[in-house]
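Here is the structure we will look at.
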Amino acid sequence: MLQKKWKILEPVDGLAQRAEELGTSAFLASLLCHRGIRTREQADLFLHPEKLAWHDPFLLADMDAAVARIRQAIERGEHIVIYGDYDVDGITSTTLMLRNLRALGADVSYYLPERSEGYGFNEKALQRLATSYDLLLSVDCGIMSCDLVEAYKDQMDFVLTDHHLPGAALPPALAVVNPHREDDRYPCKDLCGCGVAFKLCQALWQNLEGIEGASSDLELVALATVADVVPLQDENRKIVKLGLAQMMETEIPGIRALIKVSGLSDKALTSESIGFGLAPRLNAAGRMASPKLGVELLMAKSMEEAEPLAEQLNALNAERKSIESQIFDEAEERLAAQTAPGERVEDLPALVVAGKGWNPGVIGIVGSRLVEKYYRPAIVCSIQENGVAKGSCRSIEGLSMYEALSACQGELVQFGGHAQAAGLSVEASKIPAFREAFCSYARQHLSDEDYIPIISVEAEWPPERLTEEQVEDIARLEPYGMGNPRPVFGVRNARGWGARAIGRDSAHLRFNVGAKDRPVAALYWRHGDLAGTVEREALDLLYEPQIHEWNGQKSIQIVLDDMAPARAERVHPTREILANVYRILASVCSEKKEILLSSMELTERYNQRYNQLSLFTMQESLRIFEELGFLETEPGAGRRMVPPAQKMDLMASPTYRASHQAEE
């Protein structure tokens, strides 16, 4: 299991005085100080971001030109087309502009590319649109389409709004509104695509109707801001806070229907509600069918019209989950095949994997899951029938995906994106060369330390010491997201009891910590297989506290971010232990050709015959045998032993060598 390195935040000096200055409890003052909040005014705006004044939309470069051209189109009755993107950000941006431009009297339609057309402008689409429209307004795309804008700017006018990083030159449009322009003066640089479109709407209402700070349809902007994982700071924090409030009472039938199928009716909505409930279902439109379904849902005029569309998206999302699981398993098998003898997937500097016909709408999620499991930059490609692969890229701290792809662009057809996520196209025949170039870049720019995920820990705090008031203070830091993560606490040498696997297929783990008369429930998603180890070993836990309500009763529970053997359990295997483990493996192989027992089951067999051994030590022993080539692991099939051709040289194992040298 991938273990995280704790970075325990420094205790706040003079905490009582800080709390008095901020006007909060000492517990909340500590959390605020760890987020850079030092004054009562800062604390007030952080806890009540709705009080933050809207930034002037005309601070965005080219905003005046964009508004002037759109106003001209409205006054002349010209035909406007909105060109969007197929993800949540693109769907909501398109919907937002449609609703606002129509309210302002514009003759406006929209075009959303199918995922098979790729991200951004494509020539066939522009060819068709140029025959029917006078003005193309882009949302969440267009910043990298210099050549296509140049080719069609004489046939229709272009106004571009985007938030992706620009290239060396801007497209030759009448206006390019993007906070990442070098000459841009806008204070909040981290708006999502829908956020930029929202500022354009504010500017239009101010210019055409004299309404400053217009904030209608904020539920759409909040949905995109959370889904696109932009930092929830400054104006983004206000957008999400107000948007969540509007979402609770929304008059948009499509949002209400989406909340209903997500099982969130009559529940307080949070950023997690969006991230794990609403956004995946809306994203399923572009991933599994057509993004137009998403716009149709959000533009629906009644619940009778919206509910069938929401149900359709819900079914598509369930199908997406099944396909995602299948592709993930296949990706792991192919990555294992890329490793050298004795090497594991987690030993690779970066992960680049491709498959024919993999659903291009799902590969991004698979990439995120690979990063979560192996903590390596990951690129997952779907090879299309035309011999070109579409790739989705996810990175880790320490490596900018955009810079890495720029360094490897000689092997690519095209690419674009951000530091942590990007997309690319590559000829299938060039995937091996690209993999080599990308892995080489990762080797040069990432150190061993970069491959250890670091998690900031507010404090070491036993869960049983938490009070409901403290957990309610934590909730005041909402909305959570990038730039404002949910507070994580740690406890070492915890003892769990009452462990059991729960949920469908016993996929999840539940156990208790603390005293028997004051238990605190602990939940660990997707780790039901660890139920057997909880009561046997001392544990180091990273967790997020929550208030759990059931039958009108409140209690504190914790959701684990990480569970690892306590330091005392992390015993590196000696020669004697390795010899005993080898005997256990050999005895299992004498019963069956393959070792189908899990690490936990092997540990139990060991402890029945020898002295007590921790799961950590067993897992490290198995890794050493794999590195020495005496044990082979096949994903989904189990392990098998390879008879040694010569005496084992334990120092040939990097894992054994590292632990041996550390002890010396």
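At 25 °C and a viscosity of 0.890 mPa s, what translational diffusion coefficient does Stokes-Einstein give for the stretch 325-398, taking Rh as the Kirkwood radius over Cα pairs? Give it in µm²/s as a whole number. For the chosen part, D equals 199 µm²/s. Computed from label points 7 Å out along Cα-Cβ, the spacing between residue 610 and residue 657 is 2.3 nm. By a 1.4 Å probe calculation restricted to protein chains, residue 135 has an accessible surface near 0 Å², given to the nearest 10. Our Cα-only numbers for the stretch 390-486 put the radius of gyration and Dmax at 19.6, 59 Å.
If R0 is 56 Å, the Cβ-Cβ spacing of residue 305 and residue 59 corresponds to a FRET efficiency of close to 0.90. Note: relative contact order over the stretch 499-621, using C-alpha pairs below 8 Å and six or more positions apart, is 19 percent. Once divided by 2.2 N^0.38 Å, the Cα radius of gyration of the stretch 130-213 becomes 1.12. Bridge orientation summary for the chain: considering DSSP beta bridges with both residues in this region, about 60 percent are antiparallel. Accessible surface computed residue by residue for the chain, with neighbouring protein chains in place and a 1.4 Å probe, gives 45 Å² per residue.
Checking the a/c ratio against 1.5 first, then a/b against b/c, what shape does the Cα gyration tensor give for the stretch 82-231? Cα axes put the stretch 82-231 in the rounded bin. Ordered from largest to smallest accessible area (heavy atoms of protein chains, 1.4 Å probe), the residues 225, 655 come out as 655, 225.
Residues 196, 229, sorted by accessible area with the largest first, give 229, 196 [1.4 Å probe; ligands and nucleic acids excluded]. You can think of it this way: the chain between residue 209 and residue 330 has 38.0 nm of extra reach, that is 0.36 nm per residue less the Cα-Cα gap.
Between residue 155 and residue 343, the FRET efficiency from the beta-carbon distance, with R0 = 56 Å, is close to 0.55.
Projected over all directions and averaged, the alpha-carbon convex hull of the stretch 480-582 occupies 9.5 nm². A quarter of the convex hull surface defined by the alpha-carbon atoms of the stretch 437-512 gives 9.2 nm² as the mean projection. Quick one: if the Förster radius is 51 Å, what FRET efficiency do residue 71 and residue 34 give, using the C-beta to C-beta distance and rounding to 0.05? Efficiency at R0 = 51 Å is approximately 0.65. Extending 7 Å from the Cα toward the beta-carbon at both residue 448 and residue 3 defines two label points whose distance is 1.5 nm. In this structure, the pairs whose alpha-carbon distance is over 22 Å, taken from 124/153; 267/554; 260/321; 321/593; 189/238, are 321/593. Take every pair of alpha-carbon atoms less than 8 Å apart whose residues are at least six positions apart; their mean separation over the length of the stretch 90-157 yields a relative contact order of 34 percent. Note on residue 272: accessible area approximately 60 square angstrom, rounded to 10, probe 1.4 Å, nucleic acids and ligands left out.
Which net charge results for the neighbourhood of residue 166, defined as the other residues with beta-carbon distances under 13 angstrom from its beta-carbon, given Lys and Arg at +1 and Asp and Glu at -1? So the surrounding residues net to -3. Taking square-rooted eigenvalues a ≥ b ≥ c of the alpha carbon gyration tensor, is the stretch 192-252 rounded, prolate or oblate, where a/c under 1.5 means rounded and, failing that, a/b exceeding b/c means prolate? Judged from the Cα gyration tensor, the stretch 192-252 comes out oblate (a/c at least 1.5, b/c at or above a/b). Per-residue extension of 0.36 nm, minus the Cα-Cα distance of residue 574 and residue 647, leaves a gain of 24.6 nm for this segment. If Lys and Arg each add +1 and Asp and Glu each add -1, what is the summed charge of the other residues whose beta carbon sits under 11 Å from the beta carbon of residue 57? Once positives and negatives cancel, what remains is -3. Straightening the chain between residue 384 and residue 107 buys 96.0 nm, computed as 0.36 nm per residue apart minus the Cα-Cα spacing.
Across the chain, Cα pairs under 8 Å and at least six residues apart give a relative contact order of 10 percent. In the list (1) 50, 38, 26; (2) 47, 32, 22; (3) 60, 27, 21, the label attached to semi-axes √(5λ) of the Cα gyration tensor in Å as derived from the coordinates here is (2). Counting only protein heavy atoms and a probe of 1.4 Å, the accessible surface of the chain is 48% carbon and sulfur.
Put a dot 7 Å past the Cα of residue 10, heading toward its Cβ, do the same for residue 548, and the two dots end up 3.7 nm apart. Largest accessible area first, the residues 369, 76 order themselves as 76, 369 under a 1.4 Å probe with ligands, DNA and RNA left out.
Per the Debye formula on identical point scatterers at the alpha carbon atoms of the stretch 509-664, with no solvent, log10 I(q)/I(0) at q = 0.09 Å⁻¹ is -0.38. Note on residue 108: accessible area is roughly 10 Å² with a 1.4 Å probe, heavy atoms of protein only. Scaling against 2.2 N^0.38 Å puts the C-alpha radius of gyration of the stretch 274-324 at 1.06. Working note: Karplus 6.51/-1.76/1.60 with θ = phi - 60° gives the stretch 202-212 the couplings 4, 5, 5, 5, 5, 6, 8, 10, x, 9, 8 Hz, where Gly and Pro are set to x.
Per the Debye formula on identical point scatterers at the alpha carbon atoms of the stretch 4-67, with no solvent, log10 I(q)/I(0) at q = 0.18 Å⁻¹ is -0.70.
The values are calculated or read from the model by the stated rules, or taken from the named source; none is laboratory data. All values reported here derive from a predicted model rather than from experimental measurement. For neighbour counting, all protein chains shown are included, and Cβ atoms are generated from backbone atoms with ideal geometry for every residue, glycine included. In case anyone asks, the SASA skips ligands and DNA or RNA and just uses the protein heavy atoms, side chains included. Shrake-Rupley method; radii C 1.70, N 1.55, O 1.52, S 1.80 Å.
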